[in-house]
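Structure record follows, encoded as structure tokens.
The values are calculated or read from the model by the stated rules, or taken from the named source; none is laboratory data. It should be emphasised that the depicted structure is a prediction, and the values quoted were computed from it without experimental measurement. Neighbour counts are summed over all protein chains in view; Cβ atoms, including those assigned to glycine, are modelled from backbone coordinates with ideal geometry.
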């Protein structure tokens, strides 16, 4: 569930329990919740308008002035008045947030014509502590803007806080003088993050309540699973989303998993897990025997760039492993070793989070999954 961007630049909202497959591949993301309600209707409660030493803005749902990013007429039109140096005019929704916690705020915004500046903010209504974004440069083209912030130790609680939109950067209690202008907003989202290095995930549309996207998993039957231990190779292409947590040192990212019995979650028994270790800029392969014990842990040095497509291939020949990235072989170092090997090729190939280890999948598009009875990288990358 969530939105993806098409090649033509429009946004498509996917229904629940449907793989998000488009021209780029299959999008896999971590579990996340849009904490805001009425994400496309900023003129509907609990959204409110505020005017301090200025008039409150005028808000209209379902504007017919232009199409929203998904091609519908569901964007919200916000007309701001002229605001003086000490005035504030904004659209706001009360939210329940936690102190000393990371959040990311995001929304699609544009003008009808010309350029303007706008901001997203999260503010403590009691202390007036402001966590506001820099001023974004709006144009007549839809753009998704996001801003990540860490709340202070005393800035948690329900009802005190609000997330909102205003026409220019919110400063320390005052606004720069601004003329009246109109801005269009669609897809407002607030997400709690495990770490301040993470950025916004794909848009999750909401109505009367906040909404969560569950764990995303993709699995296929292994065509070689009945053949025992053979020379074999697996290849997958991945395009990490720009701003995804590939280089987040606090997180381990699972990429490929194989398991003999997959029913919505993974077990370590008779399987292997392929991870990205961002803290050390390495990949790690963990091999498990039929009892679930780790028999081999191998690391390779390589780095990925987000926003670009990369190809990974892994080959095995009687327990000897090789890793290829973008067609280049990478030498591996066994950091620990045990006894025994995988008893048989796993029956299922799956991509998603390794539940027992707490890892999340690398956020991005996966495509060109190949499983073959070969260890020739030329075949796998052809």
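Below are the figures for this structure:
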read-out	value
Check on residue 50, modelled with pLDDT under 90, over 30 Å from residue 310 (Cα atoms), under 24 Å from the mean Cα position of the chain (by Cα) and in a strand (DSSP E or B)	no
Pick from the stretch 297-321, criterion within 16 Å of residue 379 (Cβ to Cβ) and at pLDDT below 80, ranking: surrounded by the most Cβ atoms within 10 Å (Cβ to Cβ)	316
Residue 199 crowded, with 20+ Cβ neighbours inside 10 Å, in contact with a helix residue (DSSP H, G or I) (Cβ under 8 Å, 6 or more places away or on another chain) and either modelled with pLDDT under 75 or in the same structural domain as residue 41 (by TED's automatic domain parsing) (or both)	yes
Selection within the stretch 88-109 - farther than 20 Å from residue 51 by Cα and either modelled with pLDDT under 80 or surrounded by fewer than 21 Cβ atoms within 10 Å (Cβ to Cβ) (or both)	96, 98, 99, 100, 101, 102
So residue 165, is it modelled with pLDDT of 85 or more and touching a strand residue (DSSP E or B) at 6+ places or on another chain (Cβ under 6 Å)	no
Some residue of the stretch 28-36 being farther than 30 Å from residue 366 by Cβ, surrounded by 15 or more Cβ atoms within 10 Å (Cβ to Cβ) and in the same structural domain as residue 198 (by TED's automatic domain parsing)	no
Filter pass, residue 16 being surrounded by fewer than 20 Cβ atoms within 10 Å (Cβ to Cβ), at pLDDT 75 or above and not assigned by TED's automatic domain parsing to the domain that holds residue 204	no
